[in-house]
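The values are calculated or read from the model by the stated rules, or taken from the named source; none is laboratory data. Everything numeric here is computed off the predicted structure, so don't read it as measured data. Counting neighbours? That spans all protein chains shown, and the Cβs are built from the backbone with ideal geometry, glycine included.
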Amino acid sequence: MDLTLVVTTYNRPEALALVLKSALAQRAPPGEVVVADDGSRGDTRALVEEVAATAPFPVRHCWHEDRGFRLAEIRNRALALARGRYVVMVDGDLVLHPWFLADHARAARPGWMVQGGRVLLSEAVTREALLSGRIDFGLGEPGARNRKNAVRSLWLSALASRRGQDPYRVRGANLAFWREDVLRVNGFDEDFVGWGREDSEFVARMQHAGVRRRNLKFAAVAFHLWHPDASRAMLPENQKILDRTLATGATRCGHGIDRHIGVA
């Protein structure tokens, strides 16, 4: 499938190394990987270049200067570079099951976006994995949360996957969509600064534009490496942007991906 895997990251190369290792282990490899780097130090660039040197598909590093948490902007920059017609977007601390991308490709339908789940690994298991380089997680990981999300069963997935509506039940850590739909809504809203609600607002505009959302269960399995919670200081301001989008039914944002199309 003509698919781009976008991986967001910021100053956590040891976690990114596991994510890229799991991308290389995919049974259905992506057409390319674009690492969306929100201003990391040089060790992240060095890691990406090292992986790119031997990967069987292009691995590209998309970086901008560190000006604080600018997740919406770096996602737009990466999506502007993406060559695939279909995009699977994950966070740089999400280790992928070997069938992760194959499941997403199987679930792709025109006019739909797909929300996947994740298993939340414990701090202890995460620490061990980062030291050992382990990427083969399963249902029995001690201290894991959302454990049922470790089950991969295509027949269960067909029965349990449902259309999603609630924008608050959106996680950009495991989200797939058509690039043409992203361009139609002008991508992520770069008025979002700091953690919170940028995923929900993006999906709300997609839904206002007629893109339906499927919550994918028991497929596209992924394991989230533990980390401390990000600061919620900007959440009240970000909530106002989401509230405005929901109230107006907006389909496009003013400061979006069009700023980066055609920019090297």
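Picking from VAL19, VAL6, which residue would you name as being closer than 19 Å to GLY172 by Cα, in a strand (DSSP E or B) and either touching a residue at least 60 places away in the same chain (Cβ under 8 Å) or out of contact with any Lys or Arg (no Cβ under 9 Å at 6 or more places or on another chain) (or both)? Quick ask: steps written out before the conclusion?
On the way: VAL19 fails: in a strand (DSSP E or B).
The match here is VAL6.
Has the range 31-39 got at least one residue that is surrounded by fewer than 22 Cβ atoms within 10 Å (Cβ to Cβ) and not acidic (Asp, Glu)? Break it down into steps so the answer makes sense when it comes.
As a first pass, look at the range 31-39 and keep what is surrounded by fewer than 22 Cβ atoms within 10 Å (Cβ to Cβ): 31-32, 39.
If we keep only those that are not acidic (Asp, Glu) as well, we get 31, 39.
Within the range 31-39 (the criterion being surrounded by fewer than 22 Cβ atoms within 10 Å (Cβ to Cβ) and not acidic (Asp, Glu)), the answer is yes, since at least one residue qualifies.
Would you check if ASP166 is out of contact with any strand residue (DSSP E or B) (no Cβ under 7 Å at 6 or more places or on another chain) and within 30 Å of ALA250 (Cα to Cα)? Steps first, please.
Working: out of contact with any strand residue (DSSP E or B) (no Cβ under 7 Å at 6 or more places or on another chain): yes; within 30 Å of ALA250 (Cα to Cα): yes.
Against the criterion (out of contact with any strand residue (DSSP E or B) (no Cβ under 7 Å at 6 or more places or on another chain) and within 30 Å of ALA250 (Cα to Cα)), ASP166 qualifies.
Given the residues ASP243, ASP229, which is the only one that is within 21 Å of the chain's Cα centre (by Cα) and without any contact (Cβ under 8 Å) to a residue 24 or more places away in the chain? Break it down stepwise before answering.
Details: ASP243 fails: within 21 Å of the chain's Cα centre (by Cα).
Just one listed residue meets the conditions, ASP229.
For the subset of the range 116-140 comprising residues that are at pLDDT below 95 and surrounded by 13 or more Cβ atoms within 10 Å (Cβ to Cβ), which member is farthest from LEU20 (Cα to Cα)?
Applying the filter and picking the extreme gives LEU139.
Pick out the one residue from VAL151, VAL114, VAL182 that is more than 24 Å from ASP2 (Cα to Cα) and β-branched (Val, Ile, Thr).
Values: VAL114 fails: more than 24 Å from ASP2 (Cα to Cα); VAL182 fails: more than 24 Å from ASP2 (Cα to Cα).
Answer to the selection: VAL151.
Just need a number here: residues in the range 155-186 that are loosely packed, with under 13 Cβ neighbours inside 10 Å, in contact with a Lys or Arg (Cβ under 8 Å, 6 or more places away or on another chain) and not in a loop (DSSP other than H, G, I, E, B).
Applying the first criterion (loosely packed, with under 13 Cβ neighbours inside 10 Å) to the range 155-186 yields 155, 158-159, 162-163, 165-166, 168-169, 180.
Then drop every residue that is not in contact with a Lys or Arg (Cβ under 8 Å, 6 or more places away or on another chain), which leaves 162-163, 165, 180.
Keeping just the survivors that are not in a loop (DSSP other than H, G, I, E, B) gives 162-163, 180.
Residues in the range 155-186 being loosely packed, with under 13 Cβ neighbours inside 10 Å, in contact with a Lys or Arg (Cβ under 8 Å, 6 or more places away or on another chain) and not in a loop (DSSP other than H, G, I, E, B): 3 in total.
Could you list, in sequence order, all residues of the range 141-154 that are in a loop (DSSP other than H, G, I, E, B), closer than 24 Å to LEU20 by Cβ and aliphatic (A, V, I, L, M)?
Listed by number, the list holds a single entry, ALA144.
Report, by residue number, each residue of the range 196-247 that is surrounded by 18 or more Cβ atoms within 10 Å (Cβ to Cβ), basic (Lys, Arg) and not in a loop (DSSP other than H, G, I, E, B).
Within the range 196-247, ARG205, ARG213, ARG214 qualify.
Take VAL151 and decide whether it is at negative phi, out of contact with any Leu (no Cβ under 9 Å at 6 or more places or on another chain) and either modelled with pLDDT of 95 or more or crowded, with 19+ Cβ neighbours inside 10 Å (or both). Outline the logic, then answer.
Numbers: at negative phi: yes; out of contact with any Leu (no Cβ under 9 Å at 6 or more places or on another chain): no; either modelled with pLDDT of 95 or more or crowded, with 19+ Cβ neighbours inside 10 Å (or both): yes.
Taking the combined requirement at face value, the residue does not satisfy it.
So the check is Cβ under 6 Å with 6+ separation or different chains; which pairs have a first residue in the range 92-114 that's touching a residue at least 12 places away in the same chain (Cβ under 8 Å) and over 15 Å from PHE223 (Cα atoms) and a second one that's of a type in the set (Ser, Thr, Tyr) and crowded, with 19+ Cβ neighbours inside 10 Å?
Note: pairs meeting the criteria are ALA108/TYR86.
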